[in-house]
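The structure under discussion appears below in the form of structure tokens.
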Amino acid sequence: MNNIYMIDLKTLTIKKAHEAFKKGDYTCVDLTQAYLNEISKKNKEINAYLEVFDDAMEQAKEADKRFEDGTATLLTGIPFAIKDIILIKGCIATAASKILENYRATYDATVIEKLKKEGVVFLGRTNMDEFAFGSSTENSAYGPTRNPYDMSRVPGGTSGGSAASVASMMSLVALGSDTGGSVRQPAALCGNVGLKPTYGAVSRYGLMAAASSLDHIGPITKNISDAEIVFNTIKGQDIKDGTTIKEDTYKTKRIGRKPIIGIPRHFLGGDGIHKDVLKNFNDSIEKFKKLGYEVKDINLPNISYSLSVFYIINFAEASSNLSRFDSVRFGLHKDGKDGIDDFFVTRGVGFGKEARRRILLGTYILSSGYYDAYYNRANVVRRIITQDFMKEFEKVDIIMTPTTPAPAFKIGEKVSDPVAMYLEDIFTVTADLTGMPAISIPSGFSKIEGKDLPLGLQITARHGDERTLFEVGKEFLGE
Amino acid sequence: MITVKEIENLANLARIKLDNEEKEGLTKEIDSILTYIDQIKKATVDIDYTPIPGAVSNIFRNDIIESISSEDRERILNEAPDREGEFIAVKKIIAQDFDE
């Protein structure tokens, strides 16, 4: 057990850990203990984890057995943090809501089943915005998570706990979910890599649904290789999720030369973009040019509608998905004056402010008289935006923008202005609308009030072309 | 400008009990959000609706029951706030007795 002091968590990767396990430098139990030590030192303040699983050491012991009997794989013994919206059988999962405060999952999500097969160690469940509604993890019913780079600031959201855990070395790898940017934006604000795969590449079975046509599960990691390893493990067609795709659904050809970069310059000019973000973005583009990449200007004429399209679809689908919380089959039950009133009272107190607001907006959008003007129209414009992207992908191979319009903002800064909060997602929502894979990679820092706040570069590729994202990302980061 | 009455109607449809203070606050918030998403009315929507390869299509399976273990069944029933044996209990919701 003395070996844990020689584990350099800062530079650790999945491959390094695996090699160390194989060589016997330290055991899976040692590594899990090292992370549990970090958690006990840091989690009270950062609040990345809502719960640390008390069987983590047991899981680590099982992982060690697999190294002894030769059945270990690359992910065996690797400590994971799991967003509180992905079901692990027998474990509590609350989606950071009061309405599920004591809910125990009755089955494993497909991604969890796949990771269990590899023998990973689930350290605990991480904080998030309730039901994946937000961009800062401030909408959690269990308190906000703090950004490890500046504790007065948000880590981003909705996968803020997952991003903060990786950034503060409280886990090696985390899983998050991305509906409008909720893996990529917190990854960017916390200096991590965050991948939103192609829609359908990773099964959503066991992911509590926020907006079903927009939800994705994705990894948050310290480097591209780790994201690639996790993605390759969790992906795959799943009979339990009818929206999953096959390996060859999108026939992506290997690009025989360096991928051509497209930039929608017309979209980067507004004064909603922080000057450090713009400078850092331009510096990143220069770096790519020096690496031999060709850069072209592209035009996405309908991109200014993406946020309104996104929120219309998000509100509508979320209000529909959250109708399952009926105080009868699972979750919170509060007594009203009769059976119907039970629903009203339970849902009124069990849902947080943002959840209630989105359900009402979704109800409005889907009600007769408005359905056509909002929901149907949004779906048509969503298709148009997707076609705009596909048209540009005839000229370029990847599209780049900053991940966020600004570095991490202060806790409390935007919480009372919903529209200001929604604008955080301006660069990330498009990939959720189109279903194309997108990755955020750490690209530098913005120095504010003496602290270095991470910034991210977002790269989007054609449907099914995660490979190009990994190749380009590795080259940029020198991996 | 959305009214409190409209908010009450929506809350009723969504089965959410709101207190009066919240209803007032929501009128402003919802208005500003609706103003923002109203931008979509400016989008031109005449398009040729050609299908995108790989786009989602319906998946069907036979409507046969696949059994689960009694242990899993227990887990599911245990999550119900009010359980009676093999049943999930609910309050009576039909007001009248139909004694014909």
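Observations on the model:
- Of the helices (runs of 4 or more DSSP H) lying entirely inside the stretch A:414-479, those containing at least 3 residues that are open to solvent by 10 Å² or more (accessible area, probe 1.4 Å) span A:418-422, A:466-477.
- Every pair of residues 6+ apart whose Cβ atoms lie under 6 Å, when the first sits in the stretch B:74-86 and is more than 9 Å from chain A (Cβ to nearest Cβ) while the second is surrounded by fewer than 16 Cβ atoms within 10 Å (Cβ to Cβ) and not in a loop (DSSP other than H, G, I, E, B): B:L77/B:R83
- Some residue of the stretch A:170-179 being surrounded by fewer than 24 Cβ atoms within 10 Å (Cβ to Cβ) and over 24 Å from A:I448 (Cα atoms): no
- Test: residue in the stretch A:331-345 that is at the interface with another protein chain (Cβ under 9 Å from one of its Cβ atoms), touching a residue at least 40 places away in the same chain (Cβ under 8 Å) and in a helix (DSSP H, G or I): no
- In the stretch A:143-165, of all residues being in a loop (DSSP other than H, G, I, E, B) and aliphatic (A, V, I, L, M), the one that is least open to solvent (accessible area, probe 1.4 Å) corresponds to A:V154.
- Residue within the stretch A:96-108 that is under 30 Å from A:E424 (Cα atoms), away from chain B (no Cβ under 14 Å) and either more than 22 Å from the chain's Cα centre (by Cα) or in contact (Cβ under 8 Å) with a residue 24 or more places away in the chain (or both) present: yes
- Looking across A:S367, A:S323, A:S319, A:S327, one residue alone is under 22 Å from A:T430 (Cα atoms) and small (G, A, S). It is A:S319.
- Hits in the stretch A:353-399 (condition: more than 14 Å from A:F315 (Cα to Cα) and open to solvent by less than 20 Å² (accessible area, probe 1.4 Å)): A:V381, A:I384, A:I385, A:T386, A:F389, A:E392, A:F393, A:V396, A:D397, A:I398, A:I399
The values are calculated or read from the model by the stated rules, or taken from the named source; none is laboratory data. Small disclaimer: the values here were computed from a predicted structure and weren't measured. Here the Cβ is made from the backbone with ideal geometry for all residues, glycine too, and neighbour counts use every protein chain on show. Accessible surface is based on the protein model in full, side chains and every heavy atom, while ligands, DNA and RNA are left aside. Shrake-Rupley method; radii C 1.70, N 1.55, O 1.52, S 1.80 Å.
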